[in-house]
Amino acid sequence: MLYALLRDKGLSVGRYTSPHLIDFRERIVVDDEEVSEEFILSFLNRWRPASEKLGATFFEITTAMAFDYLASRKVDVAVIETGLGGRLDATNVISPLVSGITSIAIDHVEFLGDTEEEIATEKAGIFKPGVPSVVGAMSDEARRAVLRAVEAAGGSAVIDAQARFTTSDVQVLADGTAFTMSHDGAAQRITTALTGRAQAGNAAVAMTMLDAAGRDWAVSLARAAGVFPAIRLTGRFQRLGKFVFDVAHNPDGIRVLTETLALVEPPRPVTAILGVLSDKDWRKMILQLAPHIDDLVLVLPPTVPAQRAWSPAEALAFAAKNGISARIELDFARAITEGRDTDGTLVVTGSFHTVGDALLLIELARTS
């Protein structure tokens with residue numbers, strides 16, 4: 001949303017996000033153009049010895065590459081997404097115009113902590129003195145933790161996005177989301193092709209961040225209403241024929257997915273193809289997903305690293321123990337291709353690997 005709103009201003013805008021779905025180049029984009037393979041190879045050839053000497057991680061190298069590329073392209077502004085947490089994230093070396101936290105959910109507990117309070121404290125590490133700090137919807141526990149972290153770091157006052165850009169009358173539609181946004185005495189009905197109630201809150205965070213960054217960056221409600229309908233995001237409740245692709249990879253993500261399914265009411269039966277990384281709370285994800293679907297297919301996406309591969313057999317045993325009907329499909333491609341020939345709706349979810357591998361299969365089938 002930030003990227004689209006800034007592009008609409010006629011600016012040269014860079015974007016750094018993670019992870020990618022199909023192609024590594026998706027992570028680094030300038031003005032809708034992905035970084036070239038030539039730049040990636042040139043950067044790695046130049047900096048590989050130094051990175052190996054430092055013991056730099058994959059994400060640290062990628063972040064350095066992204067910043068170098070954005071600087072070389074002389075972008076007017078860049079939208080930078082943290083990789084994990086915030087305080088110790090590789091992206092946190094920058095001094096931004098504005099920082100924001102969209103929400104807090106239990107994830108990456110091995111690095112960030114077991115509670116929303118601990119995770120919020122880590123994420124609040126991106127807030128810096130003199131830089132506007134924006135937060136979206138979160139629990140009172142998480143909000144208090146953010147405020148404490150900002151105060152301890154001598155940061156600026158925290159801005160509540162929903163207090164500055166209020167959203168109401170949210171409607172989740174088959175092809176997107178509509179909501180009314182109010183700001184400074186004005187109101188505007190806004191629609192977006194992004195599906196889910198959370199999109200209204202995300203829009204409030206984006207608009208608040210630009211407003212807090214200063215007059216040159218702010219966007220009017222009327223201008224935003226013209227930009228939001230065209231915003232697309234691959235793998236986020238993305239509907240493609242009978243498929244729904246959603247990168248929900250933790251219990252909170254599955255909760256949002258099932259809430260959206262209930263509102264959209266896609267054609268039944270609803271079959272879920274689920275592939276989760278072993279370090280996620282897949283048990284809770286299965287329990288949350290099961291009541292909203294008619295068939296559960298457990299898969300192992302081909303691009304999952306061996307050290308993070310879950311056991312579909314263990315997941316099948318857990319499902320059976322909890323009275324949930326499920327089956328395993330060892331051939332990932334078959335799960336996707338056979339699902340395409342069935343009635344109803346096919347929901348592909350559980351991880352970026354699951355969605356990315358499925359989208360690649362469909363793209364290859366379409367072009368072959």
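Details
- In this simple spin-label approximation, residue 54 and residue 363 carry label points 7 Å from Cα along the Cα→Cβ vector, and these lie 3.0 nm apart.
- The chain: antiparallel DSSP beta bridges as a percent of all, rounded to 5: 45
- Spin-label proximity, residue 263 to segment 149-189 - amide N less than 15 Å from point 7 Å beyond Cα toward beta carbon: 167-181
- Calculated mean residue ellipticity, 222 nm, the chain: -12000 deg cm²/dmol, from DSSP H runs (n ≥ 4) at -39500 (n - 2.57) each, averaged per residue and rounded to 500.
- Counted over the chain with a bin width of 20 Å, the fraction of Cα pairs per bin, in whole percents, is 26, 60, 14.
- Share of Cα-Cα pairs in segment 1-102 lying beyond 20 Å, as whole percent: 39
- Surface accessible to a 1.4 Å probe, residue 353 within the full protein complex, Å²: 50
- Estimated inter-spin distance, residue 81 and residue 187, nm [label 7 Å along Cα→Cβ]: 3.3
- Length released on extending from residue 321 to residue 40, taking residue separation times 0.36 nm less the Cα-Cα span: 96.4 nm
- Centroid-to-centroid, using Cα positions, segment 148-188 and segment 1-73 are 29 Å apart.
- Rg in Å to one decimal, and Dmax rounded to a whole Å, for segment 301-363 via C-alpha atoms: 12.6, 37
- Three-way shape label, segment 159-212, alpha-carbon gyration tensor, a/c 1.5: prolate
- Segment 137-220: trypsin sites (Lys or Arg not before Pro) falling in loop per DSSP and having at most 14 other Cβ within 10 Å: 215
- Each part reduced to its alpha carbon centroid, segment 290-368 and segment 112-146 end up 34 Å apart.
The values are calculated or read from the model by the stated rules, or taken from the named source; none is laboratory data. Just so you know, these numbers come straight off a predicted model, no measurement behind them. Note that we place each Cβ from the backbone using ideal geometry, even for glycine, and neighbour counts take in every protein chain shown. Heavy atoms of the whole protein, side chains included, go into the accessibility calculation; ligands, DNA and RNA do not. Shrake-Rupley method; radii C 1.70, N 1.55, O 1.52, S 1.80 Å.
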